[in-house]
1. Report the residue count in the stretch 327-343 for those that are open to solvent by 60 Å² or more (accessible area, probe 1.4 Å), in a helix (DSSP H, G or I) and not aliphatic (A, V, I, L, M).
2. Do we have Ala297 as surrounded by 15 or more Cβ atoms within 10 Å (Cβ to Cβ), outside any loop (DSSP other than H, G, I, E, B) and under 21 Å from the mean Cα position of the chain (by Cα) here?
3. Does any residue in the stretch 314-326 that is closer than 14 Å to Val210 by Cα and assigned to a helix (DSSP H, G or I) come within less than 7 Å, Cβ to Cβ, of a residue that is small (Gly, Ala, Ser) and modelled with pLDDT under 95 six or more places away or on a different chain, and which pairs are these?
4. Considering only residues of the stretch 248-268 that are hydrophobic (A, V, I, L, M, F, W, C) and outside any strand (DSSP E or B), which is nearest to Ala345 (Cα to Cα)?
5. Give the residues of the stretch 122-158 that are touching a strand residue (DSSP E or B) at 6+ places or on another chain (Cβ under 7 Å), among the small types (Gly, Ala, Ser) and open to solvent by less than 10 Å² (accessible area, probe 1.4 Å), sorted by residue number.
6. Please specify each residue of the stretch 116-153 satisfying the condition of being farther than 21 Å from Leu191 by Cα, in a loop (DSSP other than H, G, I, E, B) and of a type in the set (Lys, Arg).
7. So which residues in the stretch 78-115 are surrounded by fewer than 18 Cβ atoms within 10 Å (Cβ to Cβ), at pLDDT 90 or above and in a loop (DSSP other than H, G, I, E, B)?
8. Just checking, which of Ser267, Ser272, Ser319, Ser352 is under 30 Å from Arg199 (Cβ atoms) and of a type in the set (Ser, Thr, Tyr)?
Amino acid sequence: MGELQFGLIAIGSLVVAGVFFYNKWQERRYRRQAEAAFGARHEEVLLRPGHGETAAPQWQGAERIEPMLAPLGPASGSIEASRQVLSETVDFIVPIEAAEDVSGASILDAAGAALARCPRSVHLEGFDDKLASWELVNPDREYSRLRAGLQLVDRRGPADEAELAQFGVALEEAAASLGVLATVPDPAEALARAKELDRFCGEVDIRIAVHVTNESSPFPGARVDAVAKAAGFELDEPDGKFRCRDDAGRVVCALANFEPIPFKVESLETLSTRAVTLELDVPRAPRGAFTRFRELAERLAKQLNARIVDDNRQPVGASAFDAIGAQLQAMHGAMEARGISPGGALALRLFS
């Protein structure tokens, strides 16, 4: 994805404390295995001002993560999951028409093998005539109008011409085996749309992290576990991070071990660490998540008798949180202007 630097809001004579904005945090965490303490300096931190200069953060795209192919049918037991997924904004959509109704099961069988070869997320939908709306293909229903869509953008970047061509060929083969017609549109417009969408996603695809540390006294794992759970976190395995979710089940932020040892239920009693890292994945987090992120950082610091610092051990104060919060409000507003709700279904698809 493209890269764009955003300047923080001018805040008069206040000095904005450094906060670590980074995109390849996992890679850099492994690099920390070689560090004996916090003393090593890191790049990609928010530049701290000197002699009255204004701080300028480095906003960069988050690390790309290999996506998994999306299921072609609705999730079991989920009414919402069976409804429309495809978006003209995000997907390269191919319409499919049949002279007579075709069972969902046969569609899924024919398309499954062919589309599984596609390197990107694919969804298959049928038109519900009674509701006059699209739904993910239900194997127990029949359809005469269908469509398949290949996701144009994710954290690997935009789809290219070869990927769209491969998708079109696979879909035409599957349709021919069922005696239905798949009309693959000219990919030029979709490719241009993918490039532009990818550029925008690169501008807002950031992660924020702060560290909570007490350098004189390591945190026992059991204490971290108790404090995290009291604050509303739950431990997710196998990645060994605590996650805080809102009432809708959306991830607000994550709490990780600063050291390259994941939190595990069986080892929390014997583990100790010099710091924990609170992480916010900006586009995947719902609106208002940064306020909760800040509250949790302050709560963890208080209960662990610790301080909040950036990657260079510099304190993170109220002025820094205020300035960053204002900037993130603008970024979330830009996402919503494009019909991408922060933490919503489209955001979770694009930033995966």
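The values are calculated or read from the model by the stated rules, or taken from the named source; none is laboratory data. The model shown is predicted, which means the values in this text are computed figures rather than measured ones. FYI the Cβ positions are ideal-geometry reconstructions off the backbone, even for glycines, and counts take in every protein chain you see. Surface areas here come from the heavy atoms of the whole protein model, side chains and all, with no ligands, DNA or RNA. Shrake-Rupley method; radii C 1.70, N 1.55, O 1.52, S 1.80 Å.
1. 2
2. Yes; evaluated as a whole, the condition is true for this residue.
3. Ala320/Ala17
4. Ala248
5. Gly126, Ala148, Gly149 - these are the residues of the stretch 122-158 that are touching a strand residue (DSSP E or B) at 6+ places or on another chain (Cβ under 7 Å), among the small types (Gly, Ala, Ser) and open to solvent by less than 10 Å² (accessible area, probe 1.4 Å).
6. Of everything in the stretch 116-153, those that are farther than 21 Å from Leu191 by Cα, in a loop (DSSP other than H, G, I, E, B) and of a type in the set (Lys, Arg) turn out to be Lys130, Arg141.
7. Glu88, Thr89
8. Among Ser267, Ser272, Ser319, Ser352, only Ser352 is under 30 Å from Arg199 (Cβ atoms) and of a type in the set (Ser, Thr, Tyr).
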